[in-house]
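Participant: Have a look at this one before I ask anything.
Every number in this text was worked out from the coordinates using simple rules, so none of it is lab data. Since we're looking at a predicted model, the values are computed, not measured. So basically every Cβ, Gly included, is an ideal-geometry build from the backbone, and we count neighbours across all protein chains shown.
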Amino acid sequence: MADDKELRYDPAVIEQKWQERWAADPKLYAAEPATSNKPKYYVLEMLPYPSGQLHMGHVRNYAIGDALARQMWMRGYNVLHPMGWDAFGLPAENAALKNNTPPREWTLANIAAMKRQMLRLGLGYDWATEVTTCLPEYYRWNQWFFLRMYEKGLVYRKKSKVNWCPECATVLANEQVVDGCCWRHEETQVEQRDLEQWFFRITQYAEELLQGLETLEGWPEKVRTMQRNWIGRSEGTEVDFGLEGGTQKIRVFTTRVDTIFGATSVQLAPEHPLVATFSATDARLRAQVAELLDEQKKAREAGDVGAIEKRGVSTGRYAINPYSGERVPIWVANYILMDYGTGAIMSVPAHDERDFEFATRYGIEIRQVIKPLQDEDGAKLLPFISEDGVLINSGEYDGLTCVQAQDQLQKAAARSAFGEGKVVFRLKDWGVSRQRYWGTPIPMLYCLSNCDGDGLVPVPDDQLPVLLPEKIDITQQGGSPLGRVPSFVNTTCPKCGGPARRETDTMDTFVDSSWYFYRYTDARDSKAPFDPATAQYWFPIDQYIGGVEHAILHLIYSRFWTKVLRDLGMVKNDEPARRLFTQGMVIKDGAKMSKSKGNVVSPDDMVARYGADATRMYALFAAPPDRDLDWQEDGVAGVSRFLARVWRLVTKHAPQARSATQESTALVKGHDFNRADSGPEPAGALAPAGGLSGPSTKLRRKLHQTIAKITQDFEGRWHFNTCVAAIMELVNELQDADAQLTAGEVPAPVVRELLQTLILLLAPFAPFLAAELWEELGGEGSVLRAPWPKSDPGLAREDEIEIPVQINGKLTAVVRVAAGADPKTIETAALADEKVRTRTAGKSIVKVIVVPGRAVNLVVK
Ligand SMILES: [Zn+2]
Ligand SMILES: [Zn+2]
C-alpha cells in the first residue's frame, strides 16, 4: 500500500517543482496597491552587498524576514516584502583590477548569482520592485537629492582632515575607522590628510536625531544607546579668556563652569591659530609645537587620542580669567584637537582627572574650588570630580552648590557678553566625498571662469543623471579615477556656457542605502525618486531586520535622510522604521564564519544536501533569533529528518483527510480551510464533543495549544526556535496516535483539520514542503493565501491540571483537579491528599490560600 512517494521525502524534487511554479506566478509575492482594503505591513531585511555569494548570516536574516512576511500574508495583510542590491562600493573595483572585469559587469553577474540563490531558498520577494543602486535609474536620484540638499544649505564643501586608507586609496568616514585601522583592512593604519570634501550637514538634525530615539520603542535598547552615545550631546558654557597684552580672545567650552575659579592654565591645540602667532618669532616654541603635533597625529592614526601620553609646553603668554581677572599661563598640549570643540580648554586640575595628571607632571598649581557635601579629608580627595559639592575659593559664588553655580556663572557670562550657554554634540557632519570610481558621481561643476562667484555650479536637474563613464582604466594610484577621464571631466558651464570641470569624487555608498526603502514603494518611477502618496501609505516600515553592525552608520544616516525628506515635503513620517530587529551572528566552532578562519559553511552546500526548507528551518530552530547561532551540520540533518517524518505522516493519512466531505466537515464546524472568510467561531460551536472519541479530543487539544503558542510568538518574542520545537511535539503526538489514525478511530474531518493545520503552521518556516503537502491534502489555492489558523481556547484547555500544594512554604504534594476548578474544590482536593494529611496530622491548619489554577499554600502550626 505504501508507494514510493509515501516513503521518500526528496526535497530536491519538491523544491524545484515549487520554485518553477512560483516563478510563473509573479503576483504571488506582489504587494497590492495603496487602495487595498487590507491592513498594510512593510517587512524589510537590509539589502545585501552583491559579493556574489550569500553567506549563512544572510540566510538567517532572510529566513526570519520571510517567515514573518509569510505569516502576515496568511493573516490577511497587504505585505510589502522587497529585496535589492547595495551595489556600489570598493570590492567591485578591486575585483576589476584582479580579474580585469569591468565593475558593472562583475556586479551584475554577482547580483544574478545571488538572486538565483534567493530563489532557490524560496524567499518570497516581490522582484518587480527590485532596486539596484549602481544603475543610473537609481543613482540619478542620489544626485537629485544632493542638489535639493545643496539648495537647502544642507550640503557644503570644506577643506578638512580626512581619514585616508592607503589600501583603499580613499577617504574613510570616522565611523569606518576602527581602532585606528580601516574597517575593511583591519591591519592597515589610517593616515590623516587634508582634502576639499563635500559634507552633509547632519549636525543640523543632531538634537532631533537624539530626541527621536525616545519614540523608537520598537528598537532594541542597545541600538538606541549606541546612537545616543554617537550623537553625544553635552550641555555647558562657552567662555572667552582674554589674551594678556592683546585683543584676541581664547574661547573655551566647559561642562563645569562652576570650577572656573580653579582654572590654573588655558591650553591650546597645537593647530590653534594663536599658537602660530606665538611661535612666529620663537623658533624654540615652534619646534616644540611641531613635536606635539606629530605625537597627536600618531595618536590619531592609532585611533585613540584619549590614550596619548599627555605632554605640553608653556608659551610664556598669559590669559585673563573673565570672572576673576586672574592671569593664567597659556600652554599648548598634544591631546587637544583643533577640530573638536573650540580647540582650547581651561585646565582645572583639582576637579578633572586629565588636568590633574597634566598639572602634576608639569608642576602647575592645583587649586581646590569645590568642597564635597560630606566633609571628608580634603586634600586626599583630589581630583574631586563629583558635582555633589559647594563652591569655595570662588569669590561671590562661594557657598553655592555646583548646579546653582553653573546656572549663575552662565548667566553672568551672558550678561557681560564674555560667554554663553552652549550645547555641543559629538556627532560630526557626514563627509560624503570618495575618491573612487564605483559610486554616484557628485552633480557639481567648477566653472573655469568663476562665473558664479565661487565657481561652484550645480548640474541642472534636466542634465541628470550625471552618468558614470563605463569603460575606464581603474588604477588605484590615489586621487579620483574619474579625474583621468577627459570626456567626463571636461564640460560646459550651464550658467555662462564657458568651459567647466566636473567634480570627480563620488558619493559615500551609505547615501545609496539611506533611502532605498522608499524606492521600493515605487521602484520604476522615472519622474521622481518615489511617489509621496504611495510612500505615505507604506511608511513607516513596520519591521526592519538586519545586523547590529549597522546600529550606528546606516541607521543614523537613514533616520537623517527621512527627516530631510520630511522637510522637503516628500514624506510625513519622522522615522523610517517603527520596529527594528537585530539578529545574532552565525558562528561556527566558536568563531564568526570567515574565509581566513576556514570555517565558512556555504548555503549552496547545505541546500544541495538537505534542501532549502531544512537549511532555513535550522537557521530559525538552532537559536533564538537575537542570539548568536553556532552552526552544526548535525542539526541541519536532524531538521531534515524531521521534515521527512512530516512528509511520511501527511502522505500516509492524506487519503483519509481528502475523504472528508463538506457534510462531514460540519461535525467540526469552523474548520473549512477553503473558505476565505473562515474566522474564529464561538467555542461552543467547535466542540461537538459527544461525537468525538478520546484520541480526537487529545490531538485537537495539542493542535490548538500549538496554534496558540506559535501565533503568540510571532506577535511577541519571535522565539522561532521554540515554535519549531512546538511543531515537532505536535508531530510526535500525531505519530504516537498513528495506530488510531490508521484504524479510523479519528473521523476524517478531524484528520483533515489536524493535518491541514499542521501544514499551515509549518508554512512560514518550510514553504516548499508546506506547498507540496497542502496540495496533497486537497487544500485549495496557494497555502500562502490560506488563512492563518486560530486557536480555540476551549479546545486547547487541558481537562485536568496539576496544582502544587505547599505547607509552610515547602512543596509537599501535587494534586490533579479539573481545569477551571473553583477555589473550594481545589482546597478540598489539597486537604484530601495523602501526603498533606500525613503532614498536617495532629496540627492545626491556620490558613489556606488558594491561587486558582496555580497553587495551594497551607499555614500550619
Ligand atoms: Zn581600507
Ligand atoms: Zn560659468
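Participant: Enter the angle in degrees (range 0 to 90, nearest 10) between the Cα long axis of helix 11-23 and the first principal axis of the Cα atoms of the chain, meaning the one along which they spread out most.
Facilitator: Tilt relative to the chain: about 70 degrees.
Participant: Compute the convex hull volume of the Cα atoms of region 206-308, divide it by the residue count, and report the result per residue in Å³ as a whole number.
Facilitator: 161
Participant: While we're on this one: Bin width 5 Å, alpha-carbon pairs only: give the P(r) of region 313-444 as whole percents, running from 0 to the bin holding the largest distance.
Facilitator: 2, 8, 13, 17, 18, 15, 9, 4, 3, 4, 4, 2, 1, 0
Participant: Take D194 and K861, extend 7 Å from each Cα along the Cα→Cβ direction, and tell me the distance between the two endpoints in nm.
Facilitator: The modelled label-to-label distance comes out at 9.0 nm.
Participant: Starting from a Cα-only point model with no solvent, please compute log10 I(q)/I(0) by Debye for region 98-138 at q = 0.25 1/Å.
Facilitator: -0.95
Participant: Sticking with this structure for a sec: Cα to Cα, under 21 Å, and not fewer than 8 places away if on the same chain: which lysines meet these conditions relative to K595?
Facilitator: K98
Participant: Using a 10 Å cut-off around each Cβ, can you sort R300, R415, R70, R361 from fewest to most neighbouring Cβ atoms?
Facilitator: So the residues, fewest neighbours to most, are R415, R361, R300, R70.
Participant: Out of all DSSP beta bridges in region 525-658, what portion is antiparallel? Express it as a percent rounded to 5.
Facilitator: Around 20 percent antiparallel, to the nearest 5.
Participant: Another question about this same structure. What does region 563-666 give for Rg and for Dmax, in Å, if only its C-alpha atoms count?
Facilitator: 22.1, 64
Participant: Calculate log10 I(q)/I(0) of region 722-826 for q = 0.11 Å⁻¹, where I(q) comes from the Debye formula with a single equal point scatterer on each Cα and nothing for solvent.
Facilitator: Reported log10 I(q)/I(0), two decimals: -0.53.
Participant: Apply the Kirkwood formula to region 89-172: the hydrodynamic radius equals the inverse of the mean of 1/r over all pairs of different alpha-carbon atoms; give it in Å with one decimal.
Facilitator: It is 16.2 Å.
Participant: For region 1-93, report the translational diffusion coefficient in µm²/s to the nearest whole number, using Stokes-Einstein at 4 °C, 1.567 mPa s, and a Kirkwood Rh over Cα pairs.
Facilitator: Value of D from the Cα-based Kirkwood radius: 80 µm²/s.
Participant: Which of the lysines could be linked to K572 by a straight reach, that is with a Cα gap under 22 Å, when you skip same-chain ones fewer than 8 residues away?
Facilitator: Here the lysines satisfying the reach criterion relative to K572 are K38, K40, K152, K527, K563.
Participant: Would you give the gap between the C-alpha center of region 514-578 and the C-alpha center of region 702-781, rounded to a whole Å?
Facilitator: For region 514-578 versus region 702-781, the Cα centre distance is 38 Å.
Participant: Find the cysteines in the chain that fail to meet the 4.7 Å Cβ criterion with every other cysteine, and list them.
Facilitator: Lacking a cysteine Cβ partner under 4.7 Å: C134, C181, C402, C723.
Participant: Find the percent of Cα-Cα distances in region 58-113 that exceed 17 Å, and round it to a whole number.
Facilitator: 55
Participant: Wrap a convex hull around the Cα atoms of region 250-377, take a quarter of its surface area, and give that in square nanometres.
Facilitator: Answer in nm², one decimal: 8.5.
Participant: A further question on this structure: Over all directions, how big on average is the projection of the convex hull of the alpha-carbon atoms in region 781-839, in square nanometres?
Facilitator: 6.2
Participant: In whole angstrom, how long is each semi-axis of the equivalent ellipsoid of region 145-270, when you take the square root of 5 times every eigenvalue of its Cα gyration tensor and sort them from largest down?
Facilitator: Three semi-axes, in Å: 31, 24, 19.
Participant: Among V856, P804, G842, which residue has its Cα positioned farthest towards the positive end of the charge dipole of region 755-861, with +1 placed on the Cβ of Lys and Arg, -1 on the Cβ of Asp and Glu, and the dipole taken about the Cα centre?
Facilitator: Of the options given, the answer is G842.
Participant: Another question, then. When the Kirkwood hydrodynamic radius is evaluated over all pairs of different C-alpha atoms of region 393-487, what value in angstrom, to one decimal, is obtained?
Facilitator: In region 393-487 this quantity evaluates to 19.2 Å.
Participant: Treat each spin label as a single point 7 Å out from the Cα along the C-beta direction, and report the R184 to R717 distance in nm.
Facilitator: It is 4.1 nm.
Participant: Projecting each Cα onto the charge dipole of the chain (Lys/Arg +1, Asp/Glu -1 at the beta carbon, about the Cα centre), which of A500, S602, I759 comes out farthest on the positive side?
Facilitator: Highest projection toward the positive end goes to I759.
Participant: Under a point-charge model restricted to the Cβ atoms of Lys and Arg (+1) and Asp and Glu (-1), what is the dipole moment magnitude of the chain relative to its Cα centre, in debye to the nearest 20?
Facilitator: It comes to approximately 620 debye.
Participant: Stokes-Einstein D for region 238-283 at 4 °C, 1.567 mPa s, Kirkwood Rh over Cα pairs, in µm²/s?
Facilitator: This corresponds to a translational diffusion coefficient of 107 µm²/s.
Participant: Any chance you could check the Cα centroid distance between region 140-213 and region 821-842 for me, in angstrom?
Facilitator: Here the answer is 73 Å between Cα centres.
Participant: When 1/r is averaged over all different Cα pairs and the result inverted, which Kirkwood radius in Å belongs to region 429-559?
Facilitator: 17.2
Participant: Among DSSP bridges having both ends in the chain, what percentage is antiparallel? Round to the nearest 5.
Facilitator: In the chain, approximately 75 percent of DSSP beta bridges are antiparallel ones.
Participant: Compute log10 of I(q)/I(0) for the chain with the Debye formula, placing one identical point scatterer on every Cα and leaving out solvent, at q = 0.06, 0.07 Å⁻¹, to two decimals.
Facilitator: Those come out to -0.59, -0.76, one per q.
Participant: Taking the Kirkwood radius as the inverse of the mean 1/r across Cα pairs, report the Rg/Rh of region 270-341.
Facilitator: Looking at region 270-341, the ratio lands at 1.01.
Participant: Further question: D605 versus A30, label points 7 Å from Cα toward the beta carbon: distance in nm?
Facilitator: My value for the distance between the label points is 4.0 nm.
Participant: Straight-line reach from K810: which lysines have a Cα under 25 Å away, not including same-chain ones fewer than 8 places off?
Facilitator: Correct list for K810: K824, K835, K843, K847, K861.
Participant: With a 10 Å radius around each residue's Cβ, average the other Cβ atoms per peptide and rank 203-211, 394-402, 250-258, highest first.
Facilitator: Output ranking for 203-211, 394-402, 250-258: 250-258, 203-211, 394-402.
Participant: Lys/Arg Cβ at +1, Asp/Glu Cβ at -1, dipole of the chain taken about the Cα centre: which of V59, W561, L195 is farthest positive-ward?
Facilitator: V59
Participant: I've got another one for you. On the Cα set of region 726-768, report Rg and Dmax in Å, please.
Facilitator: Just the Cα atoms of region 726-768 yield Rg and Dmax of 11.2, 32 Å.
Participant: Hey, fewest Cβ within 10 Å first, where do S36, S513 land in order?
Facilitator: Fewest to most other Cβ atoms nearby, the residues stand as S36, S513.
Participant: When the Cα centres of region 214-259 and region 109-135 are compared, how far apart do they sit, in Å?
Facilitator: 45
Participant: Now for a different question. Would you please report the Å³ per residue occupied by the convex hull of the alpha carbon atoms in region 564-603?
Facilitator: Looking at region 564-603, the number lands at 144 Å³ per residue.
Participant: Per DSSP H run of at least 4 residues, take -39500 (n - 2.57); add these up for the chain, divide by its residues and hand me the 222 nm value, nearest 500 deg cm²/dmol.
Facilitator: Value at 222 nm, helices only, nearest 500: -11000 deg cm²/dmol.
Participant: Mind ranking 580-588, 224-232, 562-570 by how tightly packed they are, going by the mean number of other C-beta atoms within 10 angstrom, highest first?
Facilitator: 580-588, 562-570, 224-232
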